[in-house]
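The values are calculated or read from the model by the stated rules, or taken from the named source; none is laboratory data. Computed from a prediction, not measured in an experiment: that's the story for all the values here. Here the Cβ positions follow ideal geometry from the backbone for every residue, glycine too, while neighbour counts run over all protein chains shown.
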């Protein structure tokens, strides 16, 4: 189920479908770097970024922490940008979670694995060591950017 996404462009090929976890989204919103570039590429339609409502809720909880010093009026604007850049899908069901539970030691990441597989994404972008080691298709942001930009090198991508 597609809840939100704007500025989708069709380059004549199926867009790379990329599941993004909470840490990737938080880093994209707080810091300039690879993660923010990935989110911008999603916003202009160079790839299809996907996540779940569960991940978005986690992002909101993390951004509310005092350490980030985000004002209450800024948080909705940040999440609004995420909703323009990322296709936010429904949460996975209990059956999907149970199917993945035994595969990871860190049980808080089971939802990410289950959603990545249920939504049939091409890539799972994460910095989590266990996911990178155990999940086929898990890549770092840098590896994923190389794939996107290499695949789209014949197109002009303008990211401010």
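With respect to residue 118, is the statement that it is at pLDDT below 95, out of contact with any strand residue (DSSP E or B) (no Cβ under 7 Å at 6 or more places or on another chain) and either surrounded by 17 or more Cβ atoms within 10 Å (Cβ to Cβ) or closer than 12 Å to residue 21 by Cα (or both) true?
no
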Problem set entry | Those residues of the range 135-153 which are touching a helix residue (DSSP H, G or I) at 6+ places or on another chain (Cβ under 9 Å), modelled with pLDDT under 95 and not in a helix (DSSP H, G or I), in sequence order | 152
For this session: Within the range 58-101, count every residue that is farther than 28 Å from residue 130 by Cα, under 16 Å from the mean Cα position of the chain (by Cα) and without any contact (Cβ under 8 Å) to a residue 24 or more places away in the chain.
Result: 1
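For residue 113, indicate whether it is touching a residue at least 60 places away in the same chain (Cβ under 8 Å) and within 30 Å of residue 150 (Cα to Cα).
no
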Exercise. Consider residue 84 against the criteria (1) within 18 Å of residue 15 (Cα to Cα); (2) surrounded by fewer than 17 Cβ atoms within 10 Å (Cβ to Cβ); (3) touching a strand residue (DSSP E or B) at 6+ places or on another chain (Cβ under 9 Å): it satisfies all of them except one. Which criterion is unmet?
Worked result: (3)
For this session: Mind listing whichever residues of the range 87-102 are under 13 Å from residue 114 (Cα atoms) and touching a strand residue (DSSP E or B) at 6+ places or on another chain (Cβ under 8 Å)?
Result: 89, 90, 91, 92
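Would you confirm, using the coordinates I've provided, whether residue 97 is part of a helix (DSSP H, G or I), more than 23 Å from residue 26 (Cα to Cα) and modelled with pLDDT of 95 or more?
When the stated conditions are applied, residue 97 passes them.
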For this session: Those residues that are outside any helix (DSSP H, G or I) and crowded, with 18+ Cβ neighbours inside 10 Å, I need them from the range 19-44; list them, please.
Result: 19, 20, 21
Exercise. Within the range 113-134, can you find the residues that are within 20 Å of residue 34 (Cα to Cα) and outside any loop (DSSP other than H, G, I, E, B)?
Worked result: 123, 124, 125, 129, 131, 132
